[in-house]
Each structure stands twice: as C-alpha cells, then as structure tokens.
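The structure appears below as structure tokens.
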Amino acid sequence: MLIIFLFCSIFHSFGQKRRGSIFREKVQNLQQIDDKLFHFGFTLGIHTQDFGFKNSDVMDKDGIVWKGDVPIISPGFSVGIISDLRLNKYFNLRFVPVLNFGDRRVSFSGYRDGVKVDQFSTSVVSTIINLPLTVKFRSVRISNYRPYLIAGGGMSIDISRKNDVPLMLKQLDGFVEFGVGCDFYLEYFKLAPELKMCLGFNNMIERNRPGLERKEDIKYTDAISRLTSRLIVLTFNFE
C-alpha cells in the first residue's frame, strides 16, 4: 500500500506542475467522457499463469522425494467486460469480469538420497473467471493521455477443472490485484494499455481425490505443501 501511495503522490504532483506550462496542450478528443457517472467497455489481452510453490519434502512409498516447479511459462488469452463508476475527478470504481484461457506446465523431479532419479511433467489447463473490484486512481489529464493506477481484489472460479488428472486445483480462489495503465483519448473512443498482477492467497491444492483412477499419482499432490496462483496480464481496454 505504501508503494501505491507514493505512485499516487507522484502522479498528482506531476499533473499539478503541468498546469499552465508549455506541456499543457489543448484537449481535443472526448472532452466530456470522464464526466459520465457510468460507462462501459471491453478488454482484450494476453497473460501468463504461474504458481508459487512450497514443497512438502514428503517421501513416497518408494523412498523418493518429489519437488514441483513451473519450468516454462506459457502465454494465454483474456477477454472481459468493463463497468466503471465515477467517484470523483480522480477516482473510479471498476468491476471487470474477465475470462482467462491458459495452462501451466508443472514439472516434478524425484530425488532419492539427494540424487535425481526420476522426472514427471503434467499440464494444468485452466479456464478462469476473474471477478475483481478495483479502484482506479487517475492523474490530471494532459492533452490526450492520462496515466493511472489500479488496486483491488476479488475472487476467481476455474470452470474447466477435471477430476482424473495428476494435479488438481480447487475451484475457488481469492486474489489481490494491482497495476498501472494510461488512458489515450482517441477520436471516437478511449484506449488504455494496462499491465497488472493478480496474486492468489488461497492454498489451491485439492487433496480430496476420490475420482483419481491412478492412485499412485497422489504422490504429486502430497509433494506440495502449499500452492498459490499468480497471473501477469497485459490488456488493452476499449471504453
């Protein structure tokens, strides 16, 4: 929160110094768009899904300790709808449900007496609905652009999980979200590139596995003490 406060202070000071200066150009495009109480839009983007691992170092029945990791981060696709409520000149409240399509490749390395003796990889495919409620802090508008910060949180729902997979995640998660962006006022609409990070805070390992057919695969679940979700998203908002 301290970092967000510092950024807000910098943006505010930056905007104040530009007033009346040679950098303060005449506003041309969409002069009244920020005065609307409500407005809507849509967002398109790409993202990377990752995990935060904490291995349990539990030994399986064969005397092997398995350690999990995500060796390669794969890109995914995001699409969502923007609902925006104007609070005052600088703050907006936003609800932006987003559908994220992607997967994470998880690699398990097996060690016996400190020597690597086996390896196994599996793909965790996810279709995640993120439901964030965020606050958007905007600087003073300068000509046809306006930088901003966002911060908030919400919940996510995985609608594509399967039972009979080596590694299964829980369906619901909570997360915090923060990022930066900039509104560009074009002739007919506002375009905003936005970079943000979503950090899950629930332990997502599903340990109740009655539908697991290969019972020996439970060793991969047992190998992880705690697993949290991470999401880095680059979106383009059209409003």
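Residues that are of a type in the set (A, V, I, L, M) and out of contact with any Leu (no Cβ under 7 Å at 6 or more places or on another chain) within segment 200-235 comprise 212, 223, 224, 227, 231, 232, 233, listed in sequence order. Take the conditions (1) at pLDDT below 95; (2) closer than 18 Å to residue 103 by Cβ; (3) charged (D, E, K, R); residue 216 misses just one of them, which is (2). Here the strands (runs of 3 or more DSSP E) wholly within segment 78-189 that include at least 3 residues being touching a Phe, Trp or Tyr at 6+ places or on another chain (Cβ under 9 Å) and exposed (fewer than 14 other Cβ atoms within 10 Å of the Cβ) are 115-138.
Just checking, does segment 199-214 include any residue being under 12 Å from the mean Cα position of the chain (by Cα), surrounded by 14 or more Cβ atoms within 10 Å (Cβ to Cβ) and in contact (Cβ under 8 Å) with a residue 12 or more places away in the chain? Yes, that holds for at least one residue.
Every listed requirement among (1) under 30 Å from residue 136 (Cα atoms); (2) in a strand (DSSP E or B) is met by residue 73 save one, (2).
Looking only at segment 100-125, residues that are of a type outside the set (Asp, Glu) and within 30 Å of residue 79 (Cβ to Cβ) come to 12 in all.
The values are calculated or read from the model by the stated rules, or taken from the named source; none is laboratory data. Note that the structure is a prediction, hence the values are computed from the model and not measured. Cβ: placed from backbone, ideal geometry, glycine included. Neighbour counts: every protein chain shown.
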